């Protein structure tokens with residue numbers, strides 16, 4: 001089960017994308033809690049309790065930072081399932097992948113959105129059209 005307290009559509013899109021890359025994510029319960037993490041000086045973190053993973057994510061992030069942070073934390077959930085406990089290895093892996101995966105996610109998300117636009121307006125030629133940001 002995956003549950004997000006806010007940004008449900010975007011969170012579920014990211015989760016679905018990440019499940020395609022990390023099938024282990026479907027084997028655990030994940031709850032995303034949006035909260036003020038200003039005093040902690042972090043964008044997010046993950047805690048594990050048996051088969052439940054709780055992701056706390058800062059409640060005032062840009063869309064780009066939100067995507068990158070949730071992807072980073074979902075990598076940590078996969079690491080929990082795989083039993084990777086070494087903090088240095090965990091962070092190295094998550095930081096190595098987060099930006100590339102976030103960029104790929106945005107491309108996929110924009111491509112799907114463009115296909116919807118083409119279906120809605122078949123009378124227009126969108127051959128060379130691209131979307132910069134989709135919400």
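The values are calculated or read from the model by the stated rules, or taken from the named source; none is laboratory data. Given the structure is predicted, the values throughout are model-derived calculations rather than measurements. Here the Cβ positions follow ideal geometry from the backbone for every residue, glycine too, while neighbour counts run over all protein chains shown.
Quick notes
- Residue within segment 48-62 that is out of contact with any strand residue (DSSP E or B) (no Cβ under 8 Å at 6 or more places or on another chain), part of a helix (DSSP H, G or I), exposed (fewer than 14 other Cβ atoms within 10 Å of the Cβ) and at pLDDT 95 or above present: no
- There is no residue in segment 8-21 that is at pLDDT 95 or above, part of a helix (DSSP H, G or I) and out of contact with any helix residue (DSSP H, G or I) (no Cβ under 8 Å at 6 or more places or on another chain).
- Count of segment 1-21 residues which are surrounded by 16 or more Cβ atoms within 10 Å (Cβ to Cβ) and in contact with a strand residue (DSSP E or B) (Cβ under 8 Å, 6 or more places away or on another chain): 5
- Residue that is surrounded by the most Cβ atoms within 10 Å (Cβ to Cβ), among those in segment 22-37 that are in contact (Cβ under 8 Å) with a residue 24 or more places away in the chain and touching a helix residue (DSSP H, G or I) at 6+ places or on another chain (Cβ under 7 Å): 32
- Boolean, residue 84 is modelled with pLDDT of 95 or more and part of a loop (DSSP other than H, G, I, E, B): yes
- Filtered by the rule that a residue be within 24 Å of residue 8 (Cβ to Cβ) and either at pLDDT 95 or above or surrounded by 13 or more Cβ atoms within 10 Å (Cβ to Cβ) (or both), segment 114-130 gives 114, 117.
- Filter result for residue 100 (surrounded by 11 or more Cβ atoms within 10 Å (Cβ to Cβ) and either under 15 Å from the mean Cα position of the chain (by Cα) or modelled with pLDDT of 95 or more (or both)): no
- Among the residues making up segment 38-47, a single one is under 19 Å from residue 3 (Cα atoms) and either free of Cβ contacts under 8 Å to residues at least 12 places away in the same chain or surrounded by fewer than 15 Cβ atoms within 10 Å (Cβ to Cβ) (or both): 47.
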